[in-house]
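Scroll down for the structure; my scribbles are underneath it.
The values are calculated or read from the model by the stated rules, or taken from the named source; none is laboratory data. All figures in this text were calculated on a predicted structure; none of them were measured in a lab. Here Cβ is always computed from backbone atoms with ideal geometry, including for glycine, and neighbour counts include all displayed protein chains. We work out accessible area using only protein heavy atoms, side chains counted, and drop any ligands, DNA or RNA first. Shrake-Rupley method; radii C 1.70, N 1.55, O 1.52, S 1.80 Å.
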Amino acid sequence: MLDVDKIISALLDLPYISDIQNRKTNRRGTEMYECVLDCDLLLVEKHIPISICIPENWRISLVDIYLQRYEDLPFMPHVEANGKLCLFNLEGVNIDYNLPGIVEQCVTRAKKILEQGLFGDVNEEFVNEFDAYWEFLPDTILMHFSLPKERKSQRISYVQKVIQSKDSGKRRYCAKTKILYGAEDSSYFQWRGVKNGERNGFYCVVCADHYILPPDFRKPIPLSFFNRLLSNMDPISDLVFKKIADAKIIVFNILQPNGVENCIGVQINGKIIYNAQGALEIPEKSGLTLTPVVIHREDKEFLLARTESTNHSGKKILVIGAGSIGGYMCQELVHTGFDNIEIVDHDCLKMENIYRHLLGREFVDWRKVFALKEYLMNNYPKLNIVASDQKLDEWIDDEAKRVRQFDLIISTVGDHKVNRSLNELIINNNIDIPVIYAWNEPLDIGCHIAVISKKYYGNYECLFARDSITNELYDAVAYTKPGQTVSKSFSGCNGTFIPYGSIASMKTVALSIEWLIRILEDRCEDNYIISEKGSGYYFRKAGFETSDFYNDQKDTVSILSILELENLRKSNSNEPSNNSGRTA
Amino acid sequence: MSVQKCFSDFNDKIKLDYSTKSDLADKRDILVEKLRKSGQLPSFSTYDQGSYGMSLGVEPLKKTGREYDIDVGLIFNANKDDYEPLKLKETIQTILNNHTTYGATIKRPCVTVTYMEDGKRDHHVDFVVYLYEDHEDKDSQLYLAKGKASTPDEIGWEKSDPKGLVQYINDRFTKKEERSQFRRVIRYIKRWKNLRFDSNGHAEPSSIGITLIAVESFVYREGDDLTALLDVAKQIQKLFYYTYDYDTMRWLYKIKKSMPEQLKFESNTDAFGKMTSVQQNDFKLKIDKFVKDLEEVKDETDEQEQYKKLRKIFGEDFIIPDPQNSYRHQNHNYIPASSTSGCV
């Protein structure tokens, strides 16, 4: 139960709060609150009436503060159309469950926002949130737009999609009846699944010498706002002008002086002409309508910016294997910004794969490589995916010369035989391309990746040793104790598999991507075996034993150079270490 | 360490020591000399009024927009009927205008000379202009030159008794310890006032109003500033009355404190008269909370908790003896800065 007296008590301690009144109604507009307190916020020479509204879920949403009469105040940043102040960015923030303290801090923040808005320089604040204020304009149209790579005014195409009422009824879209899609080239519309009826639009780049501020969303946008933008753009050729003169959609890409880029649009029912001063403008005419268009960018540059990853566009990656690890690997490569991938695998996706594969029922019986290609191309823009459904050894024979075109190779087959073949190919052909070998251990005991480059000491073969007594070849980094059969089969020899969950593959992929980026950014200065240990609970429960290599590993993730691995092995078998002068 | 000791230390921290702030007095003297030498004014005597004259000053809290100030009465050897109220103020303003970067400003009760430091307002000297009914009789009624050009309706002569007022307060307590405690209590209330009320306009209750209430209701409590303070706060509470306010069309609390009858002020001068009804209502709510918070301190059995509560009431200058248990209320973030912060 909310203790309103405690909140009022906290407010009474604030010198800039006056005339606190507890409203009888707990409704504010369409929102319901536990409590609404009206009061005056005292700024230097102004009394601003505000409402402090406490929601039931204040532990998550904090407190809302509204201006009671926003219409009496100038347009200012951090205030929404309904007068609500945008107080804090709550993304990733943990708060102290002290409601009076929270109210106090919110009010203090509100004061700062209003002081800044009334007396301070707000240009940068406006510009940084320009697009958000544009969305507050009434009666906007939504446009999904793939920004041209080159920031140059040009003709674009757009397609209009009208949402049928039955779709709106299913609430698949956010209360819009018309949605636009725009791009410089038609492949975007195909990718987006919107075809037919492409029309000419105008993409207009405005390089602002002085800040261009958003218009006051409480008033109709004046024509002069758009004409000011048009007058600030660089000249266009006659050819471009002919194409855009009748354009009904103009997308403005404003490059502000502080480096911020704003993207807004307008739909007009007029023409674009050259005025007497030689600048483009939309002439005033009777019946002219200007409908603001809200731009949601869908160009790859913008979408990838959320991941904060470096642009890896153009790098060519070869992925061998399109199974559990390979499928997730390809998706994460795309997520990381790689857009040039070749996938090699002969296998088909079966129903028994779907619980540890990226792809599901719709792709069963497809060749995995083609399924992956289809999935990725349908869901991510501007990819170049090459799918090869050959067996690896055939591919190697046919394509050995092509291997050199790649920047990095990832083997996800989890098969030492295949990996050793690949390793041999690399060595024999003197191929200077780094290779990541990634594989899962059974059940929940972990995974490994080996990072091998010709530049550094060692290769994939160094992961194997021979038993000192039997001379039998064994995997020196395996987590399973030798002599156990961990593979399973539900349908005889052809149905044999190593049991592990989907999460195991995801961990392997996460490790691989991290090291892939290190390699491509020249932050990997040796050859390594990286081993991530799982808990092993289900492994031991199934009656299996872990190896000395697993048991001796102290850290969850062990990073050993190949040289360190060899020395470790030798010290465990009391052989002299390899002191070739290399340090890990 | 005891609560009384903490109060005593608090008093030392907030008390405005005019001997160490002698630059204020120096500036006053320079300005007064300038006025005397200008040859544009009748002769006058000066009188230190306000908190300076009554040793009740507290260190101004810069973060609340307050400044050091000194109030100087200029008692001119002239008759009020021989001058327009604004004339002398305008002359003073002209003489002193270029003395500082910020200049001199005519206000309703005075002419203010403001000094800057590091480009910001730092302190000011207020000159209050008085003329006699009959300057040849120094006991005759004094009149304050009231008003400024922008509010012509307020321009006029107002009966005033600055010396009488200071004397009335200073002479109330003859015993040194009583007077000291009285002054400490006034300072505590002033510091509380500075923290809880906005410094702009008339939101903050006038210090003279508080002082007059305290003078009449103060009871000396040997070694117990907390109880003495609580007594005065409760007396302030009692002066409020609940009434219907026709301007706001609401029931509100109001307060009125007239000047003592024996002093020669305009009748019905209300020490809180400049506050609006809403501001007086705010005063009531805040003084209620002040009393409640002080009573909680009194009822608290744990000494450390008492110190924390008092620090919350009086701010950072109220030092808690054990630094490890310092309650840094003012710096506590209930909504920490996010590492992924955006608009904040």
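Overview of values
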{"item": "Complete set of residues in the stretch B:206-227 that are under 20 Å from the mean Cα position of the chain (by Cα), over 17 Å from B:Asp288 (Cβ atoms) and hydrophobic (A, V, I, L, M, F, W, C)", "result": "B:Ile208, B:Leu212, B:Ala214, B:Val215, B:Phe218"}
{"item": "Residue list for the stretch A:236-274, restricted to those being within 24 Å of A:Arg199 (Cβ to Cβ) and part of a loop (DSSP other than H, G, I, E, B)", "result": "A:Ile236, A:Ser237, A:Ala245, A:Asp246, A:Ala247, A:Lys248, A:Asn269, A:Gly270, A:Lys271, A:Ile272"}
{"item": "Check on B:Ile75, touching a residue at least 40 places away in the same chain (Cβ under 8 Å), in a strand (DSSP E or B) and farther than 30 Å from B:Phe197 by Cβ", "result": "yes"}
{"item": "Boolean, B:Ile255 is away from every other protein chain (no Cβ under 14 Å), closer than 24 Å to A:Leu42 by Cα and more than 15 Å from the chain's Cα centre (by Cα)", "result": "yes"}
{"item": "Residue list for the stretch A:26-59, restricted to those being free of Cβ contacts under 8 Å to residues at least 40 places away in the same chain, within 12 Å of chain B (Cβ to nearest Cβ) and either assigned to a loop (DSSP other than H, G, I, E, B) or aliphatic (A, V, I, L, M) (or both)", "result": "A:Leu42, A:Glu45"}
{"item": "Qualifying positions in the stretch A:245-274 - hydroxyl-bearing (Ser, Thr, Tyr) and within 32 Å of the chain's Cα centre (by Cα)", "result": "none"}
{"item": "Looking only at the stretch A:89-105, and only at residues there that are at the interface with chain B (Cβ under 7 Å from one of its Cβ atoms) and of a type in the set (Asp, Glu), the one that is least open to solvent (accessible area, probe 1.4 Å)", "result": "A:Asp96"}
{"item": "Where A:Val266 falls short, out of the listed (1) farther than 16 Å from A:Gly182 by Cβ; (2) in contact with a strand residue (DSSP E or B) (Cβ under 7 Å, 6 or more places away or on another chain); (3) β-branched (Val, Ile, Thr)", "result": "(1)"}
{"item": "Residues satisfying the stated conditions in the stretch B:39-54, i.e. on the phi > 0 side of the Ramachandran plot and either part of a strand (DSSP E or B) or crowded, with 17+ Cβ neighbours inside 10 Å (or both)", "result": "B:Gly50"}
{"item": "Enumeration of residues in the stretch B:230-252 that are without any contact (Cβ under 8 Å) to a residue 24 or more places away in the chain and in a helix (DSSP H, G or I)", "result": "B:Asp231, B:Gln235, B:Lys238"}
{"item": "Failed criterion for A:Arg69 (all others in (1) within 12 Å of chain B (Cβ to nearest Cβ); (2) closer than 30 Å to B:His202 by Cβ; (3) surrounded by fewer than 16 Cβ atoms within 10 Å (Cβ to Cβ) hold)", "result": "(1)"}
{"item": "Helices (runs of 4 or more DSSP H) contained entirely in the stretch A:74-172, each with at least 3 residues that are in contact with a strand residue (DSSP E or B) (Cβ under 7 Å, 6 or more places away or on another chain) and within 30 Å of A:Gly259 (Cα to Cα)", "result": "A:99-119, A:130-135"}
{"item": "Residue tally, condition among the charged types (D, E, K, R), in contact with a Phe, Trp or Tyr (Cβ under 8 Å, 6 or more places away or on another chain) and either in a loop (DSSP other than H, G, I, E, B) or without any contact (Cβ under 8 Å) to a residue 24 or more places away in the chain (or both), over the stretch B:103-144", "result": "2"}
{"item": "Helices (runs of 4 or more DSSP H) (entirely within the stretch A:275-381) containing at least 3 residues that are farther than 30 Å from A:Ile426 by Cα and either of a type in the set (Val, Ile, Thr) or open to solvent by 50 Å² or more (accessible area, probe 1.4 Å) (or both)", "result": "A:300-305, A:368-379"}
{"item": "Those residues of the stretch A:459-478 which are of a type in the set (A, V, I, L, M, F, W, C), assigned to a loop (DSSP other than H, G, I, E, B) and open to solvent by 20 Å² or more (accessible area, probe 1.4 Å), in sequence order", "result": "A:Ile469"}
{"item": "Residue tally, condition in a loop (DSSP other than H, G, I, E, B) and among the aliphatic types (A, V, I, L, M), over the stretch A:8-25", "result": "1"}
{"item": "Residue match in the stretch B:196-203 (condition: of a type in the set (S, T, N, Q), over 22 Å from B:Leu263 (Cβ atoms), within 14 Å of chain A (Cβ to nearest Cβ) and surrounded by 20 or more Cβ atoms within 10 Å (Cβ to Cβ))", "result": "no"}
{"item": "Among the residues listed as B:Arg183, B:Arg221, B:Arg187, B:Arg191, the single one being part of a helix (DSSP H, G or I), under 24 Å from B:Asp9 (Cα atoms), open to solvent by 40 Å² or more (accessible area, probe 1.4 Å) and at pLDDT 95 or above", "result": "B:Arg183"}
{"item": "Subset of the stretch A:119-144 that is within 14 Å of chain B (Cβ to nearest Cβ) and open to solvent by 40 Å² or more (accessible area, probe 1.4 Å) - its residue that is farthest from A:Asp40 (Cα to Cα)", "result": "A:Asp131"}
{"item": "Residue list for the stretch A:543-584, filter: assigned to a loop (DSSP other than H, G, I, E, B), at pLDDT below 90 and open to solvent by less than 80 Å² (accessible area, probe 1.4 Å)", "result": "A:Ser573, A:Ser577, A:Asn578, A:Ser580, A:Gly581, A:Ala584"}
{"item": "Members of the stretch B:165-180 found to be in contact with a helix residue (DSSP H, G or I) (Cβ under 6 Å, 6 or more places away or on another chain) and either open to solvent by less than 20 Å² (accessible area, probe 1.4 Å) or farther than 21 Å from B:Gln49 by Cα (or both), listed by number", "result": "B:Val166, B:Ile169, B:Phe173"}
{"item": "Tally, over the stretch A:100-147, of residues that are at positive phi and among the aromatic types (Phe, Trp, Tyr)", "result": "0"}
{"item": "Residue list for the stretch B:149-178, filter: within 18 Å of the chain's Cα centre (by Cα) and assigned to a helix (DSSP H, G or I)", "result": "B:Pro162, B:Lys163, B:Gly164, B:Leu165, B:Val166, B:Gln167, B:Tyr168, B:Ile169, B:Asn170"}
{"item": "Residue check, A:Asp5 more than 9 Å from every other protein chain (Cβ to nearest Cβ), outside any helix (DSSP H, G or I) and not basic (Lys, Arg)", "result": "no"}
{"item": "Extreme residue, farthest from the chain's Cα centre (by Cα), among residues of the stretch A:417-458 that are β-branched (Val, Ile, Thr) and assigned to a helix (DSSP H, G or I)", "result": "A:Ile427"}
{"item": "Residue match in the stretch B:17-28 (condition: touching a Gly at 6+ places or on another chain (Cβ under 8 Å) and either within 30 Å of B:Val297 (Cβ to Cβ) or surrounded by fewer than 17 Cβ atoms within 10 Å (Cβ to Cβ) (or both))", "result": "yes"}
{"item": "Single unsatisfied condition, B:Thr100 versus (1) open to solvent by less than 40 Å² (accessible area, probe 1.4 Å); (2) part of a helix (DSSP H, G or I); (3) without any contact (Cβ under 8 Å) to a residue 40 or more places away in the chain", "result": "(2)"}
